[in-house]
Amino acid sequence: MYKTKHINPLMIFALLMTLVLAACGGKEVLPGGGNPIPTPIKGENVGDAPDSQAAATPEETFSRYIDDSIAALVAGQSQKLSLRARFQNPEQTEKDLGGLLSEVNILEDRTKIKKVTDTSTNATANVDIDIRVKWADGDTESFTCNYAVTLQSGENKEGETVWYVINPDAFPVFVNCTRK
């Protein structure tokens, strides 16, 4: 009786790969460890809690306002997530996570604040800011945001000059930002 021996296809593949590598001199195309992964730009996590209020200069008021407006955005998105987790069909909630953010980091703030004159009681913050958004599904995405914030000076009860934001609102990531 004549017996045939079954040849394992995996063994043939391994043998062919050994021959190919030997023919190429066995050199690797990439240096040891493969391609380096660039380190992401470190950002400042704003969080979701309000922290401050209007200040004595338009620059300081804007600095405080931008953090608080981002915190208001994150807090609002957290409420949406909480409501969906409690009341929405879990399958639909899972599908929606990529459009709900859970964190915003400021990467670079190039905002310029301008007053018409040194004694002007109005100022405009021309927002130019890079942010990184972390979506509720764990993905991250970077955006550049451009819009204007109007500030106006006034006096508080003690007679001190305070710069206020006209129509403060949550950070407009879904309106005034484009993907990088």
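Is it fair to say ASP130 is among the charged types (D, E, K, R), under 26 Å from the mean Cα position of the chain (by Cα) and assigned to a strand (DSSP E or B)?
When the stated conditions are applied, ASP130 passes them.
Do you know which of the residues in the stretch 44-74 that are among the hydroxyl-bearing types (Ser, Thr, Tyr) and modelled with pLDDT of 90 or more is nearest to ASP118 (Cα to Cα)?
If we take residues in the stretch 44-74 being among the hydroxyl-bearing types (Ser, Thr, Tyr) and modelled with pLDDT of 90 or more, then THR57 is nearest to ASP118 (Cα to Cα).
Inspect all residues belonging to the stretch 71-83 and state whether any of them is farther than 28 Å from VAL165 by Cα and without any contact (Cβ under 8 Å) to a residue 24 or more places away in the chain.
yes
Restricting the search to the stretch 132-180, which residues are of a type in the set (Asp, Glu) and closer than 20 Å to GLN77 by Cβ?
ASP137, ASP139, GLU141, ASP169
If I ask for residues that are touching a residue at least 40 places away in the same chain (Cβ under 8 Å), in contact with a strand residue (DSSP E or B) (Cβ under 6 Å, 6 or more places away or on another chain), farther than 16 Å from THR178 by Cα and surrounded by fewer than 14 Cβ atoms within 10 Å (Cβ to Cβ), which ones from the stretch 97-153 would you list?
Selection gives GLY98 alone.
Please go through the stretch 123-146 and pick out each residue that is at pLDDT 95 or above and either at positive phi or among the small types (Gly, Ala, Ser) (or both).
Listed by number, the residues that qualify are ALA123, ALA125, SER142.
May I ask you to list the residues in the stretch 76-96 that are surrounded by fewer than 12 Cβ atoms within 10 Å (Cβ to Cβ) and closer than 18 Å to PRO172 by Cα?
Within the stretch 76-96, GLN79 is the sole residue that qualifies.
Taking ASP137, is it assigned to a loop (DSSP other than H, G, I, E, B), in contact with a helix residue (DSSP H, G or I) (Cβ under 7 Å, 6 or more places away or on another chain) and among the charged types (D, E, K, R)?
For ASP137, the condition - assigned to a loop (DSSP other than H, G, I, E, B), in contact with a helix residue (DSSP H, G or I) (Cβ under 7 Å, 6 or more places away or on another chain) and among the charged types (D, E, K, R) - is met.
Starting from residues that are surrounded by 16 or more Cβ atoms within 10 Å (Cβ to Cβ) and part of a strand (DSSP E or B), keep the ones in the stretch 154-172 and report whichever is nearest to the chain's Cα centre (by Cα).
VAL165
Take GLY98 and decide whether it is under 21 Å from THR61 (Cβ atoms) and either part of a helix (DSSP H, G or I) or of a type in the set (Gly, Ala, Ser) (or both).
Here the answer is no, as GLY98 does not meet what is asked.
The values are calculated or read from the model by the stated rules, or taken from the named source; none is laboratory data. Nothing here was measured: the structure is a model prediction, and the numbers come from that model. Counting neighbours? That spans all protein chains shown, and the Cβs are built from the backbone with ideal geometry, glycine included.
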